[in-house]
Amino acid sequence: MPKTEEMTNFTFKMDRKTRNSYSKLCDEFGLSMSSATLALVRQAVRTQSMSFSMRDENGFTYAQAAELQKRINEIENGNVVRHGLIEE
């Protein structure tokens, strides 16, 4: 008979909107949030990798989004230089 692993608790906080969306997603897969999260953790440990995107909802990395926001702020504050079209 296989030995049963001793289980422990792991608690973390997340915003309510994310929790509700995650709960709905897990329900659609027929899983509890606990079993889905445990499966994700076990997969990460087994494969020594995490397969999720570090991009925002627009597909930008944090650095790209920060640079884009910086440029938007410059334009909104009038910190721009207009150049004519240069044709070769």
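We did not get these values from a lab; they are worked out from the coordinates using the rules stated. Just so you know, these numbers come straight off a predicted model, no measurement behind them. A quick note on method: Cβ atoms are made from the backbone with ideal geometry, for glycine too, and the neighbour counts reach across all protein chains shown.
For this structure, a couple of remarks:
- Qualifying position, being part of a helix (DSSP H, G or I) and not polar (S, T, N, Q), among Leu68, Leu85, Leu31: Leu68
- Between Ser49, Ser23, the distinction of being surrounded by 11 or more Cβ atoms within 10 Å (Cβ to Cβ) and within 26 Å of Thr8 (Cα to Cα) belongs to Ser23 only.
- Any hit, the stretch 62-78, residues being small (Gly, Ala, Ser) and in contact with a Leu (Cβ under 9 Å, 6 or more places away or on another chain): no
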